[in-house]
């Protein structure tokens with residue numbers, strides 16, 4: 001997809017371009033402006049998956065007025081683990097429009113171009129996370145999936161004795177756990193760089209004899225505040241870790257699904273159920289309502 005010229009009310013000549021790594025600074029400046037990024041921070045601190053330096057399979061589109069990028073949207077190609085194997089999907093994100101150019105349908109047009117492109121890539125479903133539901137509903141997206149939010153006070157106690165050391169910070173050994181999870185996106189070695197680049201995720205883990213037994217990722221920055229969104233490992237060590245986090249921050253919640261809590265044999269009585277994402281079905285053999293699926297916090301963008 002190259003360059004496309006469109007005119008709006010005979011006033012602006014918009015150029016639709018495929019963004020390359022040479023456009024990265026323009027792209028980041030617009031995203032920093034459009035989202036609630038802290039002072040001295042950047043959008044890529046919380047969403048490095050959209051940084052073109054990691055060369056992930058995706059299409060990034062931008063709308064320029066002369067030499068100024070005024071709107072952008074991106075679609076990443078990924079594989080989702082489902083009960084019968086893997087499903088090729090698209091993930092829509094990094095949708096932003098300069099404040100001076102909102103209301104002209106620029107983001108809507110870019111999204112429509114990404115949907116058209118997805119149909120040429122054998123993508124079955126497109127997922128997104130965003131609060132502007134009405135914008136995406138016009139493009140055929142609907143709310144789908146189920147997510148449980150559970151206060152850590154609802155998590156059972158661990159049977160382990162006290163005295164286990166809890167470590168903090170990222171460890172590449174955590175990535176081995178992430179790759180081997182039964183649900184979520186398929187990850188391989190190329191994903192290590194962007195997963196470990198999340199500057200505002202707080203990682204915790206417990207280990208014995210130098211081996212990590214359980215881990216948890218908390219928060220991200222712009223979103224997922226007070227949320228345990230990545231977790232796993234041995235059940236009892238995990239419960240020990242979650243109970244320790246509860247003491248440190250009683251307001252923490254853990255994100256999961258019915259099938260996840262059942263897999264870990266963790267009984268949850270009180271939870272808040274909500275939609276997991278928005279979805280557009282391109283191949284109706286894979287209607288998103290017909291099979292259980294799950295995205296971990298860092299899967300979504």
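Numbers at a glance
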{"quantity": "Members of segment 62-74 found to be more than 12 Å from residue 26 (Cα to Cα) and at pLDDT 95 or above, listed by number", "calculated": "73, 74"}
{"quantity": "Selected residue (only one of 128, 152 is assigned by TED's automatic domain parsing to the domain that holds residue 265, under 25 Å from residue 257 (Cα atoms) and in contact with a strand residue (DSSP E or B) (Cβ under 8 Å, 6 or more places away or on another chain))", "calculated": "152"}
{"quantity": "Residue check for residue 145: in contact with a strand residue (DSSP E or B) (Cβ under 9 Å, 6 or more places away or on another chain) and under 19 Å from residue 75 (Cα atoms)", "calculated": "no"}
{"quantity": "Members of segment 94-143 found to be surrounded by 14 or more Cβ atoms within 10 Å (Cβ to Cβ), touching a helix residue (DSSP H, G or I) at 6+ places or on another chain (Cβ under 9 Å) and without any contact (Cβ under 8 Å) to a residue 40 or more places away in the chain, listed by number", "calculated": "95, 107, 108, 111, 135"}
{"quantity": "Residue in segment 144-166 that is at positive phi, modelled with pLDDT under 95 and surrounded by fewer than 16 Cβ atoms within 10 Å (Cβ to Cβ) present", "calculated": "yes"}
{"quantity": "Residue ID - farthest from residue 252 (Cα to Cα), chosen from residues in segment 184-218 that are surrounded by fewer than 17 Cβ atoms within 10 Å (Cβ to Cβ) and touching a strand residue (DSSP E or B) at 6+ places or on another chain (Cβ under 6 Å)", "calculated": "186"}
{"quantity": "Where residue 195 falls short, out of the listed (1) under 26 Å from residue 77 (Cβ atoms); (2) touching a residue at least 60 places away in the same chain (Cβ under 8 Å); (3) in the same structural domain as residue 36 (by TED's automatic domain parsing)", "calculated": "(3)"}
{"quantity": "Odd one out for residue 186, checked against (1) in contact with a helix residue (DSSP H, G or I) (Cβ under 8 Å, 6 or more places away or on another chain); (2) closer than 26 Å to residue 47 by Cβ", "calculated": "(1)"}
{"quantity": "Filter result for residue 55 (surrounded by fewer than 23 Cβ atoms within 10 Å (Cβ to Cβ) and closer than 22 Å to residue 23 by Cα)", "calculated": "yes"}
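The values are calculated or read from the model by the stated rules, or taken from the named source; none is laboratory data. Predicted model only: the values in this text are computed from it and were never measured. Quick reminder, even Gly has a Cβ in these numbers, built from the backbone with ideal geometry, and neighbours come from all protein chains shown.
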